[in-house]
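As C-alpha coordinates, the structure follows; a few thoughts come after it.
The values are calculated or read from the model by the stated rules, or taken from the named source; none is laboratory data. Every value quoted in this text rests on a predicted model; they were computed, and no experiment measured them. Here the Cβ is made from the backbone with ideal geometry for all residues, glycine too, and neighbour counts use every protein chain on show.
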Amino acid sequence: QEKFFGDQVLRINVRNGDEISKLSQLVNSNNLKLNFWKSPSSFNRPVDVLVPSVSLQAFKSFLRSQGLEYAVTIEDLQALLDNEDDEMQHNEGQER
Amino acid sequence: SSNNFNYGAYHSLEAIYHEMDNIAADFPDLARRVKIGHSFENRPMYVLKFSTGKGVRRPAVWLNAGIHSREWISQATAIWTARKIVSDYQRDPAITSILEKMDIFLLPVANPDGYVYTQTQNRLWRKTRSRNPGSSCIGADPNRNWNASFAGKGASDNPCSEVYHGPHANSEVEVKSVVDFIQKHGNFKGFIDLHSYSQLLMYPYGYSVKKAPDAEELDKVARLAAKALASVSGTEYQVGPTCTTVYPASGSSIDWAYDNGIKFAFTFELRDTGTYGFLLPANQIIPTAEETWLGLKTIMEHVRDNLY
(Lines give C-alpha, C1' and ligand atoms only; values in the text may rest on other atoms or scores of the structure.)
Protein backbone atom coordinates (compact mmCIF):
# COMPACT_ATOMS: atom_id res chain seq x y z
CA GLN A 1 0.00 0.00 0.00
CA GLU A 2 1.44 3.32 -1.08
CA LYS A 3 2.30 5.64 1.77
CA PHE A 4 2.45 9.41 1.80
CA PHE A 5 4.67 10.11 4.83
CA GLY A 6 5.56 13.77 4.99
CA ASP A 7 3.78 14.60 1.74
CA GLN A 8 2.06 17.94 1.86
CA VAL A 9 -0.80 19.62 0.04
CA LEU A 10 -0.17 23.25 -0.83
CA ARG A 11 -2.70 25.82 -1.88
CA ILE A 12 -1.32 28.46 -4.21
CA ASN A 13 -3.20 31.68 -4.79
CA VAL A 14 -2.60 32.75 -8.35
CA ARG A 15 -2.99 36.43 -9.05
CA ASN A 16 -2.36 36.87 -12.78
CA GLY A 17 -1.87 35.13 -16.10
CA ASP A 18 1.89 35.06 -15.68
CA GLU A 19 1.59 33.07 -12.45
CA ILE A 20 -0.88 30.69 -14.09
CA SER A 21 1.52 30.03 -16.95
CA LYS A 22 4.45 29.45 -14.55
CA LEU A 23 2.44 26.80 -12.76
CA SER A 24 0.96 25.35 -15.94
CA GLN A 25 4.46 24.44 -17.10
CA LEU A 26 4.74 22.16 -14.09
CA VAL A 27 1.42 20.38 -14.65
CA ASN A 28 2.72 18.11 -17.40
CA SER A 29 6.26 17.92 -16.07
CA ASN A 30 7.13 14.76 -14.20
CA ASN A 31 10.29 16.09 -12.49
CA LEU A 32 8.89 16.89 -9.07
CA LYS A 33 6.18 14.18 -9.17
CA LEU A 34 3.54 16.77 -8.39
CA ASN A 35 -0.11 15.80 -8.35
CA PHE A 36 -2.35 18.75 -9.18
CA TRP A 37 -5.69 18.27 -7.43
CA LYS A 38 -6.96 21.55 -8.75
CA SER A 39 -5.14 22.77 -11.84
CA PRO A 40 -4.19 26.35 -12.61
CA SER A 41 -7.07 27.90 -14.52
CA SER A 42 -8.16 31.39 -13.57
CA PHE A 43 -7.12 34.11 -11.10
CA ASN A 44 -9.91 33.61 -8.63
CA ARG A 45 -9.46 29.84 -8.30
CA PRO A 46 -6.64 28.64 -6.07
CA VAL A 47 -4.43 25.75 -7.15
CA ASP A 48 -4.13 22.70 -4.90
CA VAL A 49 -1.16 20.43 -5.37
CA LEU A 50 0.07 17.32 -3.61
CA VAL A 51 3.83 17.51 -3.19
CA PRO A 52 5.84 14.38 -2.28
CA SER A 53 8.15 14.92 0.70
CA VAL A 54 11.25 14.50 -1.49
CA SER A 55 10.17 17.41 -3.69
CA LEU A 56 8.99 19.75 -0.96
CA GLN A 57 12.14 21.79 -0.61
CA ALA A 58 12.64 22.20 -4.35
CA PHE A 59 9.03 23.08 -5.02
CA LYS A 60 8.79 25.60 -2.20
CA SER A 61 12.02 27.21 -3.39
CA PHE A 62 10.54 27.43 -6.87
CA LEU A 63 7.38 29.09 -5.54
CA ARG A 64 9.38 31.58 -3.50
CA SER A 65 11.73 32.39 -6.36
CA GLN A 66 8.74 33.11 -8.61
CA GLY A 67 6.97 35.19 -5.97
CA LEU A 68 4.05 32.77 -5.79
CA GLU A 69 2.06 32.87 -2.55
CA TYR A 70 1.20 29.56 -0.96
CA ALA A 71 -0.14 28.00 2.21
CA VAL A 72 0.18 24.46 3.52
CA THR A 73 -3.31 22.94 3.75
CA ILE A 74 -2.27 19.41 4.69
CA GLU A 75 0.86 19.13 6.84
CA ASP A 76 1.25 15.36 6.59
CA LEU A 77 -1.04 13.52 4.25
CA GLN A 78 -0.31 10.11 5.73
CA ALA A 79 -1.38 11.23 9.19
CA LEU A 80 -4.69 12.34 7.74
CA LEU A 81 -5.15 9.09 5.82
CA ASP A 82 -4.38 7.09 8.96
CA ASN A 83 -7.08 9.00 10.83
CA GLU A 84 -9.58 8.40 8.07
CA ASP A 85 -8.68 4.71 7.97
CA ASP A 86 -9.26 4.45 11.71
CA GLU A 87 -12.61 6.13 11.29
CA MET A 88 -13.65 3.75 8.51
CA GLN A 89 -12.65 0.72 10.53
CA HIS A 90 -14.54 2.04 13.50
CA ASN A 91 -17.67 2.52 11.36
CA GLU A 92 -17.35 -0.91 9.81
CA GLY A 93 -17.12 -2.45 13.27
CA GLN A 94 -20.25 -0.62 14.34
CA GLU A 95 -22.21 -1.95 11.37
CA ARG A 96 -21.27 -5.55 12.07
CA SER B 1 -33.77 2.20 6.41
CA SER B 2 -34.79 -1.31 7.39
CA ASN B 3 -31.15 -2.32 7.80
CA ASN B 4 -28.25 -0.79 9.61
CA PHE B 5 -26.36 0.76 6.68
CA ASN B 6 -24.69 3.90 7.95
CA TYR B 7 -25.22 6.64 5.37
CA GLY B 8 -22.90 8.90 7.31
CA ALA B 9 -19.82 6.72 6.68
CA TYR B 10 -17.65 5.74 3.77
CA HIS B 11 -18.08 2.17 2.54
CA SER B 12 -16.47 -0.54 0.47
CA LEU B 13 -17.71 -1.31 -3.04
CA GLU B 14 -19.31 -4.52 -1.79
CA ALA B 15 -21.17 -2.65 0.95
CA ILE B 16 -22.50 -0.10 -1.56
CA TYR B 17 -23.60 -2.84 -3.97
CA HIS B 18 -25.24 -4.70 -1.11
CA GLU B 19 -27.12 -1.59 -0.06
CA MET B 20 -28.31 -1.08 -3.65
CA ASP B 21 -29.71 -4.58 -3.44
CA ASN B 22 -31.39 -3.78 -0.12
CA ILE B 23 -33.03 -0.68 -1.58
CA ALA B 24 -34.37 -2.70 -4.50
CA ALA B 25 -35.63 -5.38 -2.11
CA ASP B 26 -37.28 -2.83 0.20
CA PHE B 27 -39.07 -1.08 -2.69
CA PRO B 28 -39.62 -3.73 -5.38
CA ASP B 29 -42.31 -1.69 -7.13
CA LEU B 30 -40.10 1.35 -7.47
CA ALA B 31 -36.44 0.35 -7.61
CA ARG B 32 -34.50 -2.30 -9.43
CA ARG B 33 -30.76 -3.02 -9.52
CA VAL B 34 -29.62 -3.42 -13.12
CA LYS B 35 -26.22 -4.64 -14.29
CA ILE B 36 -25.09 -2.44 -17.17
CA GLY B 37 -21.65 -3.92 -17.76
CA HIS B 38 -18.38 -4.58 -16.03
CA SER B 39 -15.12 -2.84 -15.28
CA PHE B 40 -11.65 -3.52 -16.68
CA GLU B 41 -10.95 -5.83 -13.74
CA ASN B 42 -14.32 -7.45 -14.29
CA ARG B 43 -16.24 -5.97 -11.43
CA PRO B 44 -19.95 -5.56 -12.14
CA MET B 45 -21.36 -2.11 -12.81
CA TYR B 46 -24.78 -1.64 -11.28
CA VAL B 47 -27.34 1.13 -11.65
CA LEU B 48 -30.49 1.57 -9.64
CA LYS B 49 -33.46 2.15 -11.90
CA PHE B 50 -36.31 4.04 -10.26
CA SER B 51 -39.50 3.75 -12.24
CA THR B 52 -43.23 3.88 -11.66
CA GLY B 53 -44.08 2.98 -15.25
CA LYS B 54 -43.93 -0.26 -17.13
CA GLY B 55 -42.87 -1.38 -20.57
CA VAL B 56 -42.20 1.72 -22.61
CA ARG B 57 -38.93 3.63 -22.51
CA ARG B 58 -40.04 6.65 -20.57
CA PRO B 59 -38.02 9.86 -20.52
CA ALA B 60 -35.17 9.41 -18.11
CA VAL B 61 -32.44 11.14 -16.15
CA TRP B 62 -28.99 9.62 -15.58
CA LEU B 63 -27.22 10.37 -12.30
CA ASN B 64 -23.54 9.50 -12.54
CA ALA B 65 -21.23 9.39 -9.50
CA GLY B 66 -17.74 8.28 -8.65
CA ILE B 67 -16.18 8.52 -12.11
CA HIS B 68 -13.08 9.89 -10.37
CA SER B 69 -12.54 7.21 -7.78
CA ARG B 70 -10.87 9.29 -5.06
CA GLU B 71 -13.80 11.70 -4.83
CA TRP B 72 -15.48 9.56 -2.19
CA ILE B 73 -18.08 12.13 -1.26
CA SER B 74 -19.70 11.60 -4.66
CA GLN B 75 -20.24 7.84 -4.21
CA ALA B 76 -21.43 8.45 -0.64
CA THR B 77 -23.83 11.18 -1.78
CA ALA B 78 -25.18 8.91 -4.52
CA ILE B 79 -26.09 6.04 -2.21
CA TRP B 80 -27.74 8.48 0.22
CA THR B 81 -29.65 9.91 -2.76
CA ALA B 82 -30.84 6.44 -3.73
CA ARG B 83 -32.37 5.91 -0.31
CA LYS B 84 -33.80 9.44 -0.38
CA ILE B 85 -35.61 8.81 -3.66
CA VAL B 86 -37.38 5.69 -2.42
CA SER B 87 -38.13 7.22 0.99
CA ASP B 88 -39.62 10.42 -0.41
CA TYR B 89 -41.69 8.89 -3.18
CA GLN B 90 -45.36 9.47 -2.33
CA ARG B 91 -44.31 11.74 0.55
CA ASP B 92 -42.63 14.60 -1.29
CA PRO B 93 -44.87 15.87 -4.12
CA ALA B 94 -41.85 16.96 -6.17
CA ILE B 95 -40.10 13.60 -6.37
CA THR B 96 -43.46 11.85 -6.69
CA SER B 97 -44.42 13.90 -9.73
CA ILE B 98 -40.95 13.50 -11.24
CA LEU B 99 -41.26 9.73 -10.98
CA GLU B 100 -44.79 9.75 -12.35
CA LYS B 101 -43.39 11.18 -15.55
CA MET B 102 -39.80 10.00 -15.81
CA ASP B 103 -37.43 7.25 -14.76
CA ILE B 104 -34.25 7.92 -12.82
CA PHE B 105 -31.13 5.82 -13.32
CA LEU B 106 -28.46 6.21 -10.65
CA LEU B 107 -24.92 4.89 -11.04
CA PRO B 108 -23.23 5.35 -7.62
CA VAL B 109 -19.83 3.92 -8.61
CA ALA B 110 -18.93 4.72 -12.21
CA ASN B 111 -15.32 3.58 -11.72
CA PRO B 112 -15.42 0.45 -9.52
CA ASP B 113 -11.80 -0.63 -10.06
CA GLY B 114 -10.53 2.81 -9.16
CA TYR B 115 -12.75 2.90 -6.08
CA VAL B 116 -11.45 -0.43 -4.80
CA TYR B 117 -7.90 0.73 -5.55
CA THR B 118 -8.41 3.89 -3.49
CA GLN B 119 -9.46 1.72 -0.55
CA THR B 120 -6.67 -0.84 -0.80
CA GLN B 121 -3.64 0.71 -2.47
CA ASN B 122 -3.68 4.43 -3.12
CA ARG B 123 -6.27 6.73 -1.59
CA LEU B 124 -5.58 9.41 -4.17
CA TRP B 125 -6.19 7.29 -7.29
CA ARG B 126 -8.36 9.06 -9.86
CA LYS B 127 -8.31 7.04 -13.09
CA THR B 128 -9.44 3.61 -14.26
CA ARG B 129 -7.10 0.62 -13.83
CA SER B 130 -6.71 -0.38 -17.49
CA ARG B 131 -3.28 -1.29 -18.88
CA ASN B 132 -1.52 0.99 -21.34
CA PRO B 133 0.62 -1.00 -23.80
CA GLY B 134 4.13 0.45 -23.99
CA SER B 135 3.82 2.31 -20.69
CA SER B 136 4.29 1.30 -17.10
CA CYS B 137 1.62 3.81 -16.12
CA ILE B 138 -1.88 2.55 -15.55
CA GLY B 139 -5.35 3.81 -16.31
CA ALA B 140 -7.05 6.61 -18.20
CA ASP B 141 -9.11 9.49 -16.94
CA PRO B 142 -12.67 8.28 -17.52
CA ASN B 143 -13.84 11.85 -17.72
CA ARG B 144 -11.60 12.57 -20.70
CA ASN B 145 -12.49 9.36 -22.54
CA TRP B 146 -15.93 10.21 -23.97
CA ASN B 147 -16.44 10.90 -27.64
CA ALA B 148 -16.73 14.69 -27.34
CA SER B 149 -13.80 16.48 -28.97
CA PHE B 150 -11.77 13.49 -27.79
CA ALA B 151 -8.05 14.25 -27.20
CA GLY B 152 -8.66 17.97 -27.47
CA LYS B 153 -7.91 20.73 -24.99
CA GLY B 154 -7.51 19.90 -21.30
CA ALA B 155 -6.57 16.25 -21.77
CA SER B 156 -3.17 14.62 -21.99
CA ASP B 157 -1.75 12.01 -24.37
CA ASN B 158 0.70 10.92 -21.69
CA PRO B 159 -0.47 7.68 -19.99
CA CYS B 160 1.24 8.82 -16.79
CA SER B 161 -0.85 11.97 -16.58
CA GLU B 162 -3.84 12.24 -14.28
CA VAL B 163 -5.84 13.52 -17.26
CA TYR B 164 -4.72 10.90 -19.80
CA HIS B 165 -7.53 10.57 -22.32
CA GLY B 166 -6.91 6.92 -23.20
CA PRO B 167 -5.97 5.43 -26.59
CA HIS B 168 -9.31 6.20 -28.21
CA ALA B 169 -12.79 7.43 -27.27
CA ASN B 170 -14.69 4.83 -25.20
CA SER B 171 -11.50 2.78 -24.76
CA GLU B 172 -12.42 2.47 -21.07
CA VAL B 173 -14.99 -0.27 -20.72
CA GLU B 174 -16.62 1.60 -17.83
CA VAL B 175 -17.32 4.55 -20.15
CA LYS B 176 -18.41 2.32 -23.02
CA SER B 177 -20.87 0.47 -20.76
CA VAL B 178 -22.64 3.73 -19.93
CA VAL B 179 -22.55 4.97 -23.52
CA ASP B 180 -24.00 1.71 -24.85
CA PHE B 181 -26.74 1.65 -22.23
CA ILE B 182 -27.78 5.25 -22.81
CA GLN B 183 -27.73 4.92 -26.59
CA LYS B 184 -29.70 1.68 -26.52
CA HIS B 185 -32.28 3.27 -24.23
CA GLY B 186 -32.59 6.29 -26.50
CA ASN B 187 -34.78 8.53 -24.36
CA PHE B 188 -32.52 10.20 -21.79
CA LYS B 189 -33.30 13.87 -21.26
CA GLY B 190 -30.90 14.61 -18.42
CA PHE B 191 -27.37 13.59 -17.43
CA ILE B 192 -25.87 14.79 -14.15
CA ASP B 193 -22.34 13.95 -13.07
CA LEU B 194 -21.28 14.21 -9.41
CA HIS B 195 -17.71 15.12 -8.56
CA SER B 196 -15.90 16.88 -5.75
CA TYR B 197 -14.46 19.21 -4.51
CA SER B 198 -14.90 22.86 -5.35
CA GLN B 199 -18.59 23.82 -5.13
CA LEU B 200 -19.31 24.33 -8.79
CA LEU B 201 -22.32 23.60 -10.95
CA MET B 202 -21.34 23.48 -14.58
CA TYR B 203 -22.84 22.78 -17.98
CA PRO B 204 -21.37 22.25 -21.49
CA TYR B 205 -18.96 22.92 -22.94
CA GLY B 206 -15.69 21.81 -21.38
CA TYR B 207 -13.91 21.21 -24.67
CA SER B 208 -14.45 24.67 -26.04
CA VAL B 209 -15.19 28.23 -24.99
CA LYS B 210 -17.96 28.24 -27.58
CA LYS B 211 -21.37 28.79 -26.07
CA ALA B 212 -23.74 25.82 -26.01
CA PRO B 213 -26.95 26.50 -27.99
CA ASP B 214 -28.99 26.06 -24.79
CA ALA B 215 -26.51 27.88 -22.56
CA GLU B 216 -28.99 30.49 -21.37
CA GLU B 217 -31.56 27.95 -20.25
CA LEU B 218 -28.91 25.72 -18.66
CA ASP B 219 -27.44 28.68 -16.83
CA LYS B 220 -30.84 29.68 -15.50
CA VAL B 221 -31.60 26.16 -14.28
CA ALA B 222 -28.15 25.82 -12.72
CA ARG B 223 -28.56 29.10 -10.83
CA LEU B 224 -31.92 27.97 -9.47
CA ALA B 225 -30.37 24.65 -8.44
CA ALA B 226 -27.43 26.39 -6.77
CA LYS B 227 -29.84 28.67 -4.91
CA ALA B 228 -31.88 25.71 -3.68
CA LEU B 229 -28.70 23.95 -2.60
CA ALA B 230 -27.47 27.01 -0.74
CA SER B 231 -30.76 27.27 1.18
CA VAL B 232 -29.75 24.32 3.40
CA SER B 233 -26.60 25.68 4.98
CA GLY B 234 -25.35 28.50 2.82
CA THR B 235 -22.89 26.57 0.66
CA GLU B 236 -22.18 28.87 -2.26
CA TYR B 237 -21.74 27.34 -5.69
CA GLN B 238 -20.21 29.03 -8.69
CA VAL B 239 -22.20 28.44 -11.88
CA GLY B 240 -21.10 28.44 -15.53
CA PRO B 241 -19.80 26.43 -18.47
CA THR B 242 -17.03 23.96 -17.58
CA CYS B 243 -14.41 25.49 -19.86
CA THR B 244 -14.48 28.95 -18.39
CA THR B 245 -15.61 28.10 -14.86
CA VAL B 246 -12.97 25.56 -13.97
CA TYR B 247 -10.71 24.70 -16.90
CA PRO B 248 -10.81 23.36 -20.46
CA ALA B 249 -11.57 19.63 -20.45
CA SER B 250 -12.23 17.63 -23.61
CA GLY B 251 -13.85 14.20 -23.72
CA SER B 252 -16.09 14.76 -20.69
CA SER B 253 -19.29 12.92 -19.91
CA ILE B 254 -21.64 15.89 -19.98
CA ASP B 255 -20.25 17.24 -23.25
CA TRP B 256 -20.83 13.81 -24.80
CA ALA B 257 -24.35 13.72 -23.36
CA TYR B 258 -25.16 17.19 -24.65
CA ASP B 259 -23.73 16.54 -28.11
CA ASN B 260 -25.81 13.38 -28.26
CA GLY B 261 -29.11 15.10 -27.67
CA ILE B 262 -29.32 15.04 -23.86
CA LYS B 263 -30.01 18.70 -23.34
CA PHE B 264 -30.01 18.90 -19.55
CA ALA B 265 -26.38 18.04 -18.86
CA PHE B 266 -24.73 19.25 -15.65
CA THR B 267 -21.72 18.54 -13.46
CA PHE B 268 -21.69 19.17 -9.72
CA GLU B 269 -18.45 19.67 -7.85
CA LEU B 270 -19.61 18.88 -4.34
CA ARG B 271 -18.81 20.57 -1.07
CA ASP B 272 -15.41 20.47 0.47
CA THR B 273 -13.48 22.97 2.48
CA GLY B 274 -10.39 22.30 0.38
CA THR B 275 -8.56 21.79 3.64
CA TYR B 276 -8.67 18.05 3.34
CA GLY B 277 -8.73 17.66 -0.44
CA PHE B 278 -10.39 14.36 -1.17
CA LEU B 279 -10.62 13.49 2.49
CA LEU B 280 -13.89 15.13 3.36
CA PRO B 281 -14.61 14.07 6.95
CA ALA B 282 -17.35 11.46 7.14
CA ASN B 283 -19.50 13.69 9.32
CA GLN B 284 -19.89 15.93 6.26
CA ILE B 285 -21.43 13.21 4.09
CA ILE B 286 -25.07 13.69 5.08
CA PRO B 287 -24.98 17.51 5.10
CA THR B 288 -23.41 17.39 1.64
CA ALA B 289 -25.93 14.88 0.33
CA GLU B 290 -28.85 16.84 1.80
CA GLU B 291 -27.91 20.09 0.13
CA THR B 292 -27.00 18.38 -3.14
CA TRP B 293 -30.39 16.69 -3.19
CA LEU B 294 -32.14 20.06 -3.42
CA GLY B 295 -29.95 20.98 -6.38
CA LEU B 296 -30.62 17.67 -8.10
CA LYS B 297 -34.35 17.94 -7.45
CA THR B 298 -34.48 21.44 -8.92
CA ILE B 299 -32.84 20.22 -12.12
CA MET B 300 -35.06 17.14 -12.35
CA GLU B 301 -38.18 19.26 -11.85
CA HIS B 302 -37.09 21.46 -14.73
CA VAL B 303 -36.52 18.38 -16.89
CA ARG B 304 -39.96 17.07 -15.92
CA ASP B 305 -41.61 20.36 -16.94
CA ASN B 306 -39.60 20.84 -20.11
CA LEU B 307 -39.51 17.49 -21.85
CA TYR B 308 -38.71 17.84 -25.52
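Here are the numbers for the structure shown:
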read-out: Enumeration of residues in the stretch B:180-211 that are surrounded by fewer than 20 Cβ atoms within 10 Å (Cβ to Cβ) and of a type in the set (A, V, I, L, M, F, W, C); value: B:F181, B:V209
read-out: Residues that are buried (at least 22 other Cβ atoms within 10 Å of the Cβ), within 11 Å of chain A (Cβ to nearest Cβ) and either within 15 Å of B:W146 (Cβ to Cβ) or free of Cβ contacts under 8 Å to residues at least 24 places away in the same chain (or both), drawn from the stretch B:244-278; value: B:A249
read-out: Number of positions in the stretch A:48-91 that are touching a Phe, Trp or Tyr at 6+ places or on another chain (Cβ under 7 Å), of a type in the set (A, V, I, L, M, F, W, C) and within 18 Å of A:V27 (Cα to Cα); value: 4
read-out: Counted residues, the stretch B:23-54 - those being outside any strand (DSSP E or B) and either buried (at least 16 other Cβ atoms within 10 Å of the Cβ) or of a type in the set (D, E) (or both); value: 12
read-out: Scan of the stretch B:97-118 for residues that are out of contact with any strand residue (DSSP E or B) (no Cβ under 7 Å at 6 or more places or on another chain), assigned to a helix (DSSP H, G or I) and either within 11 Å of B:R304 (Cα to Cα) or not hydroxyl-bearing (S, T, Y) (or both), ordered by number; value: B:S97, B:I98, B:E100, B:K101, B:D113, B:G114, B:V116
read-out: Test for B:I192: is it modelled with pLDDT of 95 or more, among the hydrophobic types (A, V, I, L, M, F, W, C) and within 15 Å of the chain's Cα centre (by Cα); value: yes
read-out: Residues of the stretch A:48-96 classified as at pLDDT 90 or above and more than 18 Å from A:E2 (Cβ to Cβ), total; value: 19
read-out: Test set (1) within 14 Å of another protein chain (Cβ to nearest Cβ); (2) hydroxyl-bearing (S, T, Y); (3) surrounded by fewer than 21 Cβ atoms within 10 Å (Cβ to Cβ); (4) closer than 24 Å to B:A257 by Cβ - B:S171 fails condition number; value: (1)
read-out: Of all residues making up the stretch B:142-165, the number that are in contact with a His (Cβ under 9 Å, 6 or more places away or on another chain), surrounded by fewer than 24 Cβ atoms within 10 Å (Cβ to Cβ) and not polar (S, T, N, Q); value: 4
